[in-house]
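What follows is a set of notes on a single structure, which appears directly below.
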Amino acid sequence: MPPTFRLRPGTASDLTHAVRLYDACLGSDKLAALLFPRKNEDPESYKKYLYRLYAKRYWSVEWTFTFIVKEGGESEDEDDTVVGFSCWKRPSADITFGERWFTLFAWIAPLVRTFISLQDTLLAPLNIDPHAAHAFDRVFPPIEKALFADKNRAEWWYLSTLAVHPSVQGIGLGALLLGEGLTRADEGKVWLIGLRGTDAYYSRFGFVEVGRANVGDLSEWDGGIVMFRE
């Protein structure tokens, strides 16, 4: 029988899968080499940095994760396998006052983020160049300011990561993940920054190129296409 796949919301225990899938799908991209120039020399530090990055996002009300699972077969030896995920940043207009302030998650999340930040300070991963790793933080603010000069940024969803393991690519799982996110966005305004060669894929879902993000410290990146879907 062909394998069965299902989507489910992410949990904290899925963060290791997010790191594994990021590395399998995006680790060979030029962007990873620019942000983590010593990742091949010390892959564990690179993965620890990614884990903490995704952990900070997971413990933030603005960010949301969805994972795709390949269900195990009838044999007891065949377990469910996480084979893909998406990571979205919700627009501030989508987050209710109660969700932001009056849920258990809203009270716990800041404490967890503070703990992770302390880990970054006291137990920083070795062989991570902070200047290189934070290139996005320097490059993107002026790009966002220019692109959203005549738009309400608070209405836009941002697709940060869409990753499907290479072993199951080409059978529509990326479209399934992307479609789920677009449905949650209520077919609203979405933007993303794509890797090299992804523009044709995203254009199938109504995205159009509006700019480039491979400038400044990221000028050597061969990707960086900025796409909007309105």
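Here, each number is a calculation from the coordinates, and none is a lab measurement. All figures in this text were calculated on a predicted structure; none of them were measured in a lab. Cβ coordinates were reconstructed from backbone atoms using ideal geometry, including for glycine residues, and neighbour counts include every protein chain displayed.
Annotations for the structure displayed:
- Taking the DSSP beta bridges with both ends in the chain, the antiparallel portion is around 90 percent.
- Along the axis of the charge dipole computed for the chain (Cβ charges of +1 for Lys and Arg, -1 for Asp and Glu, origin at the Cα centre), the listed residues Val210, Trp221, Gly179 are led at the positive end by Val210.
- As a calculated quantity, the FRET efficiency between Arg204 and Thr4 at R0 = 25 Å, using C-beta atoms, amounts to about 0.55.
- Sorted by Cβ density within 10 Å, fewest first, the residues Lys70, Lys151, Lys189, Lys145: Lys145, Lys151, Lys189, Lys70
- Among the GluC sites (Glu not before Pro) in segment 150-229, those placed in a DSSP loop whose Cβ has at most 15 other Cβ atoms within 10 Å are Glu187, Glu220.
- Working note: Karplus 6.51/-1.76/1.60 with θ = phi - 60° gives segment 25-35 the couplings 9, 10, x, 8, 6, 4, 4, 4, 5, 6, 6 Hz, where Gly and Pro are set to x.
- For the chain, the Cβ-based charge dipole about the Cα centre amounts to some 680 debye (Lys, Arg positive; Asp, Glu negative; other atoms uncharged).
- Extension gain from His131 to Arg184, taking 0.36 nm per residue of separation minus the Cα-Cα distance: 15.6 nm
- Among Gly84, Gly194, Gly98, the largest mean-square fluctuation in a Gaussian network model of the chain (Cα springs under 10 Å) belongs to Gly98.
- Reducing segment 188-230 and segment 39-67 to their Cα centroids gives an inter-centroid distance of 22 Å.
- Between Leu21, Val83, Leu35, the Cα set farthest toward the positive side of the dipole of the chain (charges on each charged residue's Cβ, about the Cα centre) is that of Leu35.
- Overall form of segment 137-230 per C-alpha gyration tensor (a/c, 1.5; a/b vs b/c): oblate
- Taking label points 7 Å from Cα along the Cα-to-Cβ direction, Thr103 and Ser219 give a separation of 4.3 nm.
- Overall form of segment 5-229 per C-alpha gyration tensor (a/c, 1.5; a/b vs b/c): rounded
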